[in-house]
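The values are calculated or read from the model by the stated rules, or taken from the named source; none is laboratory data. Since we're looking at a predicted model, the values are computed, not measured. Quick reminder, even Gly has a Cβ in these numbers, built from the backbone with ideal geometry, and neighbours come from all protein chains shown.
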Amino acid sequence: MNQIEYCPAEVAPYPISCEEKCVIMSCIWVLRKAKGHGFGKALMNKMLKEHKDAVGFATIGFEGHWSPCFKRWQMEKLGFKPIDSVKVRHKIRHREQTFKISLMWLPWKGASAKSSWNKKEMLKGVDFCLAHSLYRAEKYGDTEICTVIMRA
């Protein structure tokens, strides 16, 4: 019905890093039929409770992407704020459509530290989840599946 995936930045599937201890959320998902019952917040609370010693939490968010997942507004609803973004175009799917990928940050307990990301690596997409909005099939190797349109 729902799931969340997260891990320390050092072993995260996204090219996101932090100067101090932070946690990267790589997936949060709630079945559409279960929408509106607070399951997303409950999953977030589990992650926050488990990592009380983290200075913050990071993830990504999309604007203008055709997928219903990882929308920037959804991440903002969970408490994340955008701290950087890049406007891109997918090289393989929906090539005519541009969208924004945002680095999202949720500071914990008043921490001033922030996360950063390697945008060039992010353009390669991900290979850890077939359903991910930036999934890169094995046949594309280590090439970039997105191209930068302009800095957002």
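Of note:
- Scope region 23-37; condition of a type outside the set (A, V, I, L, M, F, W, C) and exposed (fewer than 14 other Cβ atoms within 10 Å of the Cβ); matching residues: 32, 33, 35, 36, 37
- Just one of the numbered conditions (1) touching a Lys or Arg at 6+ places or on another chain (Cβ under 9 Å); (2) of a type outside the set (S, T, N, Q); (3) assigned to a strand (DSSP E or B) is not true of residue 7: (1).
- Evaluation of residue 125 against (1) modelled with pLDDT of 85 or more; (2) buried (at least 16 other Cβ atoms within 10 Å of the Cβ); (3) not aliphatic (A, V, I, L, M) (one fails), failing number: (1)
- Beta carbons closer than 7 Å, at least 6 apart along the sequence or on distinct chains, never pair a first residue in region 27-39 that is more than 8 Å from residue 1 (Cβ to Cβ) with a second that is among the aromatic types (Phe, Trp, Tyr) and modelled with pLDDT of 85 or more.
- Taking (1) in a strand (DSSP E or B); (2) among the polar types (S, T, N, Q); (3) closer than 15 Å to residue 133 by Cα; (4) in contact (Cβ under 8 Å) with a residue 60 or more places away in the chain in turn, residue 85 satisfies each apart from (3).
- Restricted to region 62-115, and to residues there that are of a type in the set (A, V, I, L, M) and in contact with a helix residue (DSSP H, G or I) (Cβ under 6 Å, 6 or more places away or on another chain), the residue that is farthest from residue 15 (Cα to Cα) is 78.
- Residue list for region 74-100, restricted to those being aromatic (Phe, Trp, Tyr) and under 16 Å from residue 64 (Cα atoms): 99
- Restricting 61, 40 to residues that are crowded, with 18+ Cβ neighbours inside 10 Å, in a helix (DSSP H, G or I) and in contact with a strand residue (DSSP E or B) (Cβ under 7 Å, 6 or more places away or on another chain) narrows the list to 40.
- Index of the failed condition, residue 25 passing every other in (1) part of a loop (DSSP other than H, G, I, E, B); (2) modelled with pLDDT of 90 or more; (3) not acidic (Asp, Glu): (1)
- Subset of region 1-22 that is acidic (Asp, Glu) and at pLDDT 90 or above - its residue that is surrounded by the fewest Cβ atoms within 10 Å (Cβ to Cβ): 10
- On inspection, residue 67 qualifies as outside any strand (DSSP E or B), in contact (Cβ under 8 Å) with a residue 60 or more places away in the chain and closer than 14 Å to residue 146 by Cβ.
- Among residues of region 129-142, those that are loosely packed, with under 13 Cβ neighbours inside 10 Å and either under 17 Å from the mean Cα position of the chain (by Cα) or at pLDDT 80 or above (or both), counted: 2
- Taking region 95-152 as the range and being touching a Gly at 6+ places or on another chain (Cβ under 8 Å), part of a strand (DSSP E or B), farther than 18 Å from residue 76 by Cα and touching a residue at least 12 places away in the same chain (Cβ under 8 Å) as the test, the residues that pass are 98, 146.
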